[in-house]
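Notes follow once the structure below has been shown.
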Amino acid sequence: MIRLRALNEESSEESEKEEETPLIRREAQEQIAFAQYNEALAMLREKNFGAAKGIFQTLLENSFLVEITKRDGTEGLRHPALVLKYSCLKNMGMLLEKQGELQGALQRFLQASELDRSDVTLWYRIGKVALLVVDYELACDAFLEGLRCSPRHWPCLDNLVTVLYVLNGYLPCLLYIARAFELDPDFAKGLAFRDKILAEQPSIINDFSFYCKGYISAVLLTWR
């Protein structure tokens with residue numbers, strides 16, 4: 001009986017060691033990966049963009065980060081590995097954008113957005129790059145997402161007004177012009193677009209009054 005208990009205890013200890021081994025391995029991988037990331041940041045500070053890009057690419061191809069998804073933890077981006085992957089994707093996107101590889105930059109930015117949808121600066125970057133590749137629908141979606149993160153983010157609001165006008169989305173364009181007037185009543189672009197829309201489609205004011213009645217006074221401010 002004593003021998004049996006000793007065997008069980010030994011088996012239990014071995015089992016605990018086996019469970020600890022993957023955790024130790026993961027922690028070691030995290031330490032190595034963060035060290036490489038810091039090296040890439042140092043390369044960025046030295047404007048050695050090629051070296052930085054190579055390190056970010058290596059990190060993103062590392063199985064340790066490839067396997068990480070937002071579902072891997074309940075902590076969101078507070079999880080160190082998710083923070084690292086997100087930062088690598090965003091930095092890689094900015095490097096590709098700087099080098100004129102716009103489709104590659106968009107791909108990295110969109111992958112980053114799958115990990116964190118609350119970063120208004122990321123959505124603004126996605127929108128601006130989407131404009132450069134003439135993907136107005138994506139640009140519109142990105143600026144809208146940015147405003148969901150930060151309703152008073154002027155760069156997203158300013159660009160969204162332009163994109164909606166280009167897409168002939170006159171009703172929502174008037175809505176966001178009205179929201180812009182609440183922040184800046186002298187918003188020149190908004191005044192110009194509003195006047196053009198109301199001159200071309202004067203009846204749209206009836207639809208606007210019905211669907212966006214809370215903003216009617218703002219959009220008609222100074223209009224004659």
Roughly how many Å is it from the Cα centre of the stretch 128-143 to that of the stretch 24-42, as a whole number? 34
Grab the beta carbon distance between Asp195 and Phe49, set R0 = 41 Å, and tell me the FRET efficiency rounded to 0.05. 0.40
So what J values fall out for the stretch 80-87 if you push phi through Karplus, 6.51 cos²θ - 1.76 cosθ + 1.60 with θ = phi - 60°, rounded to Hz, Gly and Pro as x? x, 5, 5, 4, 5, 5, 4, 5
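Taking 26 Å as the cut-off for C-alpha to C-alpha distance, list the pairs among Lys47/Lys128; Lys98/Lys189; Lys128/Lys196 that go past it. Please report the intermediate quantities before stating the final value.
Details: Lys47/Lys128 23 Å; Lys98/Lys189 28 Å; Lys128/Lys196 24 Å.
Going by Cα-Cα distance, Lys98/Lys189 fall outside the 26 Å limit.
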Sorted from fewest to most neighbouring beta carbons within 10 Å, what does the list Ser203, Ser113 look like? Ser203, Ser113
Karplus (6.51, -1.76, 1.60) ³J(HN,Hα), θ = phi - 60°, over the stretch 160-177, in Hz, Gly and Pro reported as x: 5, 4, 4, 5, 5, 5, 4, 7, 6, x, 5, 5, x, 4, 4, 4, 6, 5
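Show me the ranking of peptides 59-67, 139-147 by mean Cβ neighbours inside 10 Å, starting with the highest.
Top to bottom by mean Cβ count within 10 Å: 139-147, 59-67.
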So, in nm, how far is label Glu101 from label Glu67 when the simple model puts each one 7 Å beyond its Cα toward the Cβ? 2.6
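Readers should treat all values here as calculations from the given coordinates under stated rules, not as data from a laboratory. All of these numbers come straight from a predicted model, not from anything done at the bench. We place every Cβ from the backbone using ideal geometry, glycine too, and count neighbours over all the protein chains shown.
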